[in-house]
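One structure below.
The values are calculated or read from the model by the stated rules, or taken from the named source; none is laboratory data. This is a predicted model, so every value here is computed, not measured. Virtual Cβ from ideal backbone geometry, glycine too; neighbours counted across all protein chains shown.
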Amino acid sequence: MTQPDAATVFDPLRPRLVRVAYRMLGSVADAEDVVQDAFIRWMSTNRDVVLEPEGFLRRIVTRLCLDQLKSARRRRETYLGPWLPEPVVEDTDEEVEDVTLPLMMALERLSPLERAAFLLHDVFGVSFEEIAETLDRSPAACRQLASRARTRVRAERPRFDVPEHHGLELARAFFDASRSGDVAELRAMLSADVSIHSDGGGIKPAALEPLIGLETVTNVFATLAEKVFSASMSQLVRYCYVNGLPGFITIEKDNTLQTTALDIVDGRIAGIYMVRNPEKLRHLDA
């Protein structure tokens with residue numbers, strides 16, 4: 001197989017491989033680097049003997065991600081403030097593949113092998129036989145890994161389906177109320193145990209710990225409206241889905257790009273996730 005032939009086979013698979021890598025790593029840039037590394041390895045492979053290129057490349061990508069996760073976990077242990085995955089933005093929730101931002105955060109608490117087995121089987125539909133070959137474990141062991149991960153994820157983050165129109169309507173209402181400091185409106189749409197998770201990475205101002213509780217959260221936005229938004233109102237870029245959750249992109253004070261995602265449970269906002277770290281937003285700058 002010639003070099004052009006290799007690219008012809010690889011390029012249509014690239015988006016799916018990036019999705020696998022991103023869900024393993026939580027970083028768009030790292031996922032793209034891993035997939036490019038896989039392409040380089042693909043170029044040096046005897047491709048004539050590869051019967052199923054997609055499965056072969058998926059195994060390479062997964063193994064590269066497992067190597068990356070070891071160093072990534074060390075970096076996240078010293079990360080300043082809450083760590084959130086790099087935001088992936090869509091106009092609808094149709095391409096989420098059931099991996100929302102809260103689920104990705106729950107995946108962070110799994111071991112790398114549990115994470116790989118769960119994602120490959122439950123999200124991407126890969127057989128346990130192929131997973132076993134990828135992870136160098138028996139199929140039975142991989143079933144156990146996925147089952148253990150599934151139990152932990154469901155216990156921590158049960159999934160709540162929200163109609164698309166309702167999610168975006170709530171995002172619009174939240175944007176208006178949070179920027180104006182309308183406490184009564186905020187109380188009507190927030191859950192009692194609502195939490196704010198803001199990721200500035202030590203580069204942009206952000207809370208160093210999650211802020212939890214209705215009183216705390218409403219006070220935060222009332223204060224921001226009075227002291228920040230009154231002088232420098234957020235510039236709305238657009239409403240969208242951020243990692244599968246309804247939300248929006250804004251430009252805040254000092255030209256800070258920010259994504260806000262809303263986790264909705266039983267019709268109320270239970271989680272507010274704001275990414276402000278510019279290193280995680282480079283792919284959205286345009």
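Figures for the structure shown
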{"quantity": "Qualifying residue in the range 97-108 (condition: part of a loop (DSSP other than H, G, I, E, B), among the small types (Gly, Ala, Ser) and either on the phi < 0 side of the Ramachandran plot or touching a helix residue (DSSP H, G or I) at 6+ places or on another chain (Cβ under 8 Å) (or both))", "calculated": "no"}
{"quantity": "Identity of the residue in the range 153-169, assigned to a helix (DSSP H, G or I) and touching an Asp or Glu at 6+ places or on another chain (Cβ under 8 Å), that ends up modelled with the lowest pLDDT", "calculated": "Glu164"}
{"quantity": "First in the range 65-85 and farther than 19 Å from Glu32 by Cα, second anywhere and in a helix (DSSP H, G or I), Cβ under 6 Å, 6 or more apart", "calculated": "Trp83/Arg76"}
{"quantity": "Qualifying positions in the range 182-224 - in a helix (DSSP H, G or I), out of contact with any helix residue (DSSP H, G or I) (no Cβ under 8 Å at 6 or more places or on another chain) and within 19 Å of Gly247 (Cβ to Cβ)", "calculated": "Ala188, Val220"}
{"quantity": "Cross-chain or 6+ apart pairs with Cβ under 7 Å, the range 31-46 first and closer than 10 Å to Val61 by Cα, then among the polar types (S, T, N, Q)", "calculated": "Val34/Gln68"}
{"quantity": "The one condition in (1) assigned to a helix (DSSP H, G or I); (2) within 20 Å of the chain's Cα centre (by Cα); (3) farther than 30 Å from Leu168 by Cβ that Leu80 fails to fulfil", "calculated": "(1)"}
{"quantity": "Selected residue [within 30 Å of Val123 (Cα to Cα), touching a residue at least 24 places away in the same chain (Cβ under 8 Å) and in contact with a His (Cβ under 7 Å, 6 or more places away or on another chain)] from Pro210, Pro246", "calculated": "Pro210"}
{"quantity": "Residue among Val28, Val99, Val35, Val20 that alone is of a type outside the set (Asp, Glu), under 29 Å from Gly247 (Cα atoms), buried (at least 18 other Cβ atoms within 10 Å of the Cβ) and at pLDDT below 90", "calculated": "Val99"}
{"quantity": "Test: residue in the range 48-65 that is within 24 Å of Arg154 (Cβ to Cβ) and within 19 Å of the chain's Cα centre (by Cα)", "calculated": "yes"}
{"quantity": "Selection from the range 225-255 of residues that are assigned to a strand (DSSP E or B) and among the β-branched types (Val, Ile, Thr)", "calculated": "Val237, Val242, Ile249, Thr250, Ile251"}
{"quantity": "Residues of the range 261-279 satisfying the condition of being out of contact with any helix residue (DSSP H, G or I) (no Cβ under 8 Å at 6 or more places or on another chain) and either under 18 Å from Ile203 (Cα atoms) or of a type in the set (A, V, I, L, M) (or both)", "calculated": "Val265, Ala270, Met274, Val275, Arg276, Asn277, Pro278, Glu279"}
{"quantity": "Failed condition for Arg172, given (1) closer than 27 Å to Gly267 by Cβ; (2) at pLDDT 90 or above; (3) buried (at least 16 other Cβ atoms within 10 Å of the Cβ); (4) charged (D, E, K, R)", "calculated": "(3)"}
{"quantity": "Identity of the residue in the range 133-152, small (Gly, Ala, Ser) and under 14 Å from Arg115 (Cα atoms), that ends up surrounded by the most Cβ atoms within 10 Å (Cβ to Cβ)", "calculated": "Ala149"}
